[in-house]
Amino acid sequence: MPDFQRREMAAKLAMKMVAMFGDNSDGDEEEGKQGEGAMSSPSKRREMDLMKLMMSDYKVEVVNDGMQEFFVDFNGPKDSLYQGGVWKIRVELPDAYPYKSPSIGFVNKIYHPNVDEMSGSVCLDVINQTWSPMFDLVNVFEVFLPQLLLYPNPSDPLNGEAASLMMQDKIAYEQRVKEYCEKYAKQGAAGPPLEENSSDDELSDDEKSDSGDEAVVGKPDL
């Protein structure tokens, strides 16, 4: 999604938030209480958290203009084996968010003991077990995911091969991580979501068909 569209969507969300919570700039206690009550609604909290994420420095691509599924570009944390890598993270918000944790997965491959190599699903205790409504989406990308990549836990693996290699041959493990970063996580390597790739392929096929039709039409009669 281009930056101007991202800003436009964030602005629309901001307008919806103002409409829902009202303007409490006058400090009216009654309105303040109403705003707190509105915050208890999961749907409104989703909108607020997504707006906050979109207004940050992260690139966010929503799916079908919805608010429950979107992609976020995530840079490997500084001073980690993953520094310099860029991953597209798929986020799905359950109906009960923020009382239930978001579902998170890597779209492009990453070599990590706590990330399933095939599905990209994340084994993240903070997200799956100790999630609190006090956390928001920005916390996921500024705290939880960086901690996951900085401090992998081979004792609770989703990628058994990576966990075993990390414990048995750390040098080989670090080399494998860097190879995956170079192959799958360079700037632009994540590419668009799979749905977009599929649409592009179909468009290419249509264009080829149109081109073939034009060739037939332009062929003189014998």
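The values are calculated or read from the model by the stated rules, or taken from the named source; none is laboratory data. As the structure is a computational prediction, the values presented were derived from the model and not from experiment. Please note: Cβ atoms are built from the backbone with ideal geometry, for glycine as well, and neighbour counts cover all protein chains shown.
Looking at Glu174, Glu207, Glu195 in this structure, which one is of a type outside the set (Gly, Ala, Ser) and modelled with pLDDT of 55 or more?
On the way: Glu207 fails: modelled with pLDDT of 55 or more; Glu195 fails: modelled with pLDDT of 55 or more.
Glu174 is the lone residue from the list that is of a type outside the set (Gly, Ala, Ser) and modelled with pLDDT of 55 or more.
For the range 62-88, which positions are surrounded by 17 or more Cβ atoms within 10 Å (Cβ to Cβ), in contact (Cβ under 8 Å) with a residue 60 or more places away in the chain, more than 14 Å from Leu137 (Cβ to Cβ) and in contact with a strand residue (DSSP E or B) (Cβ under 9 Å, 6 or more places away or on another chain)?
Passing the criteria: Gly76, Tyr82, Gly85, Val86, Trp87, Lys88.
Could you list all residues from the range 55-88 that are basic (Lys, Arg) and part of a loop (DSSP other than H, G, I, E, B)? Steps first, answer last, please.
Going through the range 55-88, the residues basic (Lys, Arg) turn out to be 59, 78, 88.
Lys59, Lys78 - these are the residues of the range 55-88 that are basic (Lys, Arg) and part of a loop (DSSP other than H, G, I, E, B).
Is it the case that the range 116-134 has a residue that's of a type outside the set (S, T, N, Q), surrounded by 18 or more Cβ atoms within 10 Å (Cβ to Cβ) and part of a strand (DSSP E or B)?
Yes, there is a match, as at least one residue in the range 116-134 is of a type outside the set (S, T, N, Q), surrounded by 18 or more Cβ atoms within 10 Å (Cβ to Cβ) and part of a strand (DSSP E or B).
Quickly run through the range 89-101 and pick out the residues that are assigned to a loop (DSSP other than H, G, I, E, B) and either of a type in the set (Ser, Thr, Tyr) or crowded, with 19+ Cβ neighbours inside 10 Å (or both). Full working, then the answer.
Going residue by residue through the range 89-101, those that are assigned to a loop (DSSP other than H, G, I, E, B) are 93-101.
Within the range 89-101, Leu93, Tyr97, Pro98, Tyr99, Ser101 qualify.
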